[in-house]
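Below is one structure; the comments refer to it alone.
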Amino acid sequence: MSVPLEAYLALSALLFVLGTTGVLLRRNALVVFMSIELMLNAVNLTFVAFARQRLAIEGQLAVFFVVVVAAVEVVVGLAILIAIFRTRDTVDIDDVHLLRG
Amino acid sequence: MVLEVIVALPLAGWLINGLAGGRLPRGVVGAIGCGTVGAACAASVIAAGDPAVAGGGLTATLFTWFTAGEFTVSAGLLMDRLSALMALVVTGVGFLIHVYSIGYMADDPAYARYFAYLNLFVASMLLLVLGGNLLVLFVGWELVGLCSYLLIGFWFDRERAANSGRKAFIVNRIGDAGFLLGILLLATTAGSLQFDRLAAAAGGMAPGLLTAATLLLFAGATGKSAQLPLYVWLPDAMEGPTPVSALIHAATMVTAGVYMIARLHPLFLHAGFTLSVVAAVGAATAFFAATVALVEWDLKRVLAYSTISQLGYMFLAMGVVMMPAGMFHLTTHAFFKALLFLAAGSVMHAVGGVVDMRRLGGLAGPMRWTAAGFAVGGLALAGVPPFAGFFSKDLILEGAFEWAQRGGAMLVWIAGLATAFVTAVYVTRAMILTFAGPAAHPGRPHGAPAVMGLPMAVLAALSFGGGLLGARVAGEPLLRYLGPFFVDSATGVLKDRLVPAGVITALPVAVSLAGILAGFALYRNRREVTLGALGRFLSQQWYIETLYDAVIVTPAKRLAHLLADVVETRGIDGAVNGVGALVGRAGLAVRGLQTGFVRNYAAAILAGTILMLGYWLLR
């Protein structure tokens, strides 16, 4: 028997909410980062689920794009994090609010 | 070819003296200044001898200035009988005054600049009188205005001189605005600005349009020729060097308005109303300025008002359709008024710049030649036979009388006659106050040097004998010469009027002699006659300038202050600053949204997304 689409979507929504909550509530920048990855992969899961259900290749294609972009984003983001840590000895994002109006 | 040379010669003098004059020795500067004008005079004589001048006119087209559809204006020159006379007067009198200037300006540090301006003036004036169409004339018209401004304010470190220059320029702008409008009106209705084409089109133009156009042109003439109501700049123009007053503000530039009317007489002859206005303004100005000259203490300003008055005579002549007589008076006036100014300049030169006649006097002894010259000029101005002014003024008065008999206003003739009387009085007064009595000036006044004396001698000879140009006994050569110019293109009215029958020749002579006697009686022993309340009225120039101050200058200044202090600072600046302040305050109000915390932004994005999804679902 095959897993129904709804199960994938439910899991995906759960992962997305977990990720969103992490972004909104956690202070450690590294954890915020990981939460963003979680949101991205929740979306990837829906892509793949729909692609399989509708027998369309485009969904899987989109996932590859997301993976590549996520990898790139991680490279840049981690570089920024390291730069912040070097200058301020912390990665607590509540301490990083220089762009306040 | 010769026409271009006439204009180009003084222009070359201007370029040389203007660009390199500061590095040239004074003798060379003076020689270039006088030589170019003298050569232009010789060229004018040669050109005037060309048979084409007496025929249809000698023309030269330099290039096509601009073309707009059917409408073409070429930069062309024209010398016919009228402009031949004008060119000869301008270059001839101009040459004499240039020579005189060598002596008069000998000690001035800006010697080269002076001659450069003077040469530019002669070139501009020649362009004005030789212009082949109205637009070229206008270019010359504006250029002489510029030269007038530059030379009135020649000693620009004196505040009065600088202000007078500006005043002359601004007052002329008012008249020139009308002049330009008149030109545009003619260009649109007649379709051409060539003089011959305008003359041909004059008969077919709508009378209303023609009257409007000629009135606008006459407005320009009142500015340039210092007639009522725009005369106010000429008395102040006396701040310039005296030879400039003689050349520009007596002999040539101020007569440009008269020349313009003579040049466009086919148009004016078809506009009867304009002619009446011209006659009335001329007569009123002649009388008004003569009365003011009666109480003026400044010798040069007396002569300035006298010039305004005599220009009034010329306009009177134009208005009563005695145009050849007007041009004749223009010519004789150029001689005797230049002579009077040069004599006044010699006086100033001798006594160190004093022009107040109360501080002059007793100069007949030490400066007997200058005094004699002034007397000749004065007698010519007063209209005593056989001096030049008598013949021309007499012709004008005869014309005015005939005009009155043909239905014109008798008042014009009466005003002309009264002016003749007042003229004789004030010229006698100026003569007595300046030259008679005991020496009022300390120091030793000296006679004029030869370089100043010779031009005065020539002008004195012309002021004495110039009347022969229009005297009946000599066959009126000038009037006969000009006659065909005015008859050919005109309606023929002038044919019979060329030599008016001597109706009442004796009366003006009697009036002039009576004026001189009255002057002697009033001002004997250099008495200061105040004339009481009338004198005060006259010395305020009939309160005309006071009126202008009250009606135009003061309200204009108030308006300027209103615009500068209220409209500018509060209105315009207020609007600009208000916009800036508004944006700034709006920025302050919303800056709280920018917390710098990433999570706030993320929450906002989330909220936005939820809202959008909710809207999408519930739609």
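The values are calculated or read from the model by the stated rules, or taken from the named source; none is laboratory data. All of these numbers come straight from a predicted model, not from anything done at the bench. Quick reminder, even Gly has a Cβ in these numbers, built from the backbone with ideal geometry, and neighbours come from all protein chains shown.
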**Q.** Pair list, Cβ < 8 Å and 6+ apart or interchain, from the stretch B:583-602 residues that are within 7 Å of chain A (Cβ to nearest Cβ) to residues that are assigned to a helix (DSSP H, G or I) and surrounded by fewer than 14 Cβ atoms within 10 Å (Cβ to Cβ)
**A.** B:F597/A:D94; B:R599/A:L25
Q. Among the residues of the stretch A:71-81, is any assigned to a helix (DSSP H, G or I), within 14 Å of chain B (Cβ to nearest Cβ), closer than 25 Å to B:N600 by Cα and of a type outside the set (G, A, S)?
A. yes
Q. Do we have any residue at all in the stretch B:514-521 that's touching a Lys or Arg at 6+ places or on another chain (Cβ under 9 Å) and either surrounded by fewer than 11 Cβ atoms within 10 Å (Cβ to Cβ) or not in a helix (DSSP H, G or I) (or both)?
A. no
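Does at least one position in the stretch B:543-555 carry a residue that is of a type in the set (F, W, Y), more than 14 Å from every other protein chain (Cβ to nearest Cβ), over 20 Å from B:I174 (Cα atoms) and assigned to a helix (DSSP H, G or I)? Outline the logic, then answer.
Residues of the stretch B:543-555 of a type in the set (F, W, Y): B:543, B:548.
Cutting the leftovers down to more than 14 Å from every other protein chain (Cβ to nearest Cβ) gives us B:543, B:548.
Then drop every residue that is not over 20 Å from B:I174 (Cα atoms), which leaves B:543.
Now drop any that are not assigned to a helix (DSSP H, G or I), which leaves B:543.
There is at least one residue in the stretch B:543-555 that is of a type in the set (F, W, Y), more than 14 Å from every other protein chain (Cβ to nearest Cβ), over 20 Å from B:I174 (Cα atoms) and assigned to a helix (DSSP H, G or I).
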(Q) Conditions first: (1) of a type outside the set (A, V, I, L, M, F, W, C); (2) under 25 Å from B:V355 (Cα atoms); (3) buried (at least 24 other Cβ atoms within 10 Å of the Cβ). B:T214 passes all but one, so which condition is the exception? (A) (2)
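Would you mind stating whether B:V45 is crowded, with 16+ Cβ neighbours inside 10 Å and either assigned to a helix (DSSP H, G or I) or touching a strand residue (DSSP E or B) at 6+ places or on another chain (Cβ under 8 Å) (or both)? Outline the logic, then answer.
Details: crowded, with 16+ Cβ neighbours inside 10 Å: no; either assigned to a helix (DSSP H, G or I) or touching a strand residue (DSSP E or B) at 6+ places or on another chain (Cβ under 8 Å) (or both): yes.
In short, no.
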**Q.** Restricting the stretch A:13-36 to residues that are closer than 15 Å to A:A70 by Cβ and surrounded by 17 or more Cβ atoms within 10 Å (Cβ to Cβ), the residue that is nearest to the other protein chains (Cβ to nearest Cβ)
**A.** A:V23
Q: Considering every residue within the stretch B:236-250, establish whether at least one is buried (at least 24 other Cβ atoms within 10 Å of the Cβ), touching a His at 6+ places or on another chain (Cβ under 6 Å) and among the aliphatic types (A, V, I, L, M).
A: yes
Q. Where in the stretch B:174-293 are there helices (runs of 4 or more DSSP H), lying wholly inside it, with at least 1 residues that are modelled with pLDDT under 90?
A. B:195-202, B:207-224, B:265-269, B:272-293
Q: Name every residue in the stretch B:591-619 that is loosely packed, with under 10 Cβ neighbours inside 10 Å and in a helix (DSSP H, G or I), in order of residue number.
A: B:G592, B:Y615, B:W616, B:L617, B:L618
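For the stretch B:153-166, how many residues are crowded, with 18+ Cβ neighbours inside 10 Å and either within 16 Å of the chain's Cα centre (by Cα) or part of a helix (DSSP H, G or I) (or both)?
Of the residues in the stretch B:153-166, the ones crowded, with 18+ Cβ neighbours inside 10 Å are B:153-154, B:161, B:164-165.
Now restrict to residues that are either within 16 Å of the chain's Cα centre (by Cα) or part of a helix (DSSP H, G or I) (or both): B:153, B:161, B:164-165.
Matching residues across the stretch B:153-166 total 4.
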Q. Limited to the stretch B:374-389, what total is found for residues that are farther than 15 Å from B:A343 by Cβ and surrounded by fewer than 24 Cβ atoms within 10 Å (Cβ to Cβ)?
A. 3
Q. Only one of these conditions is not met by B:I414: (1) surrounded by fewer than 24 Cβ atoms within 10 Å (Cβ to Cβ); (2) of a type outside the set (K, R); (3) in contact with a helix residue (DSSP H, G or I) (Cβ under 7 Å, 6 or more places away or on another chain); (4) at pLDDT 90 or above. Which number is it?
A. (3)
Q) For B:W65, which of the numbered conditions (1) of a type in the set (F, W, Y); (2) at pLDDT 90 or above; (3) touching a strand residue (DSSP E or B) at 6+ places or on another chain (Cβ under 6 Å) fails to hold? A) (2)
**Q.** Qualifying residues in the stretch A:82-99 (those that are within 12 Å of chain B (Cβ to nearest Cβ) and part of a loop (DSSP other than H, G, I, E, B)) - the one farthest from B:A602 (Cα to Cα)
**A.** A:L98
(Q) Condition check: away from chain B (no Cβ under 14 Å) and free of Cβ contacts under 8 Å to residues at least 40 places away in the same chain. Does A:R54 satisfy that? (A) yes
Q. Just one of the numbered conditions (1) under 30 Å from A:H97 (Cα atoms); (2) more than 9 Å from the chain's Cα centre (by Cα); (3) of a type in the set (A, V, I, L, M, F, W, C) is not true of A:L40; which one?
A. (2)
Q: Would you mind stating whether B:A52 is exposed (fewer than 14 other Cβ atoms within 10 Å of the Cβ) and in contact with a Leu (Cβ under 6 Å, 6 or more places away or on another chain)?
A: yes
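Of everything in the stretch B:371-399, what is of a type in the set (D, E) and under 14 Å from B:S512 (Cα atoms)? Give them in sequence order. Spell out how you get there, then give the answer.
Quick first cut of the stretch B:371-399, residues of a type in the set (D, E) only: B:394, B:398.
Matches in the stretch B:371-399: B:D394 only.
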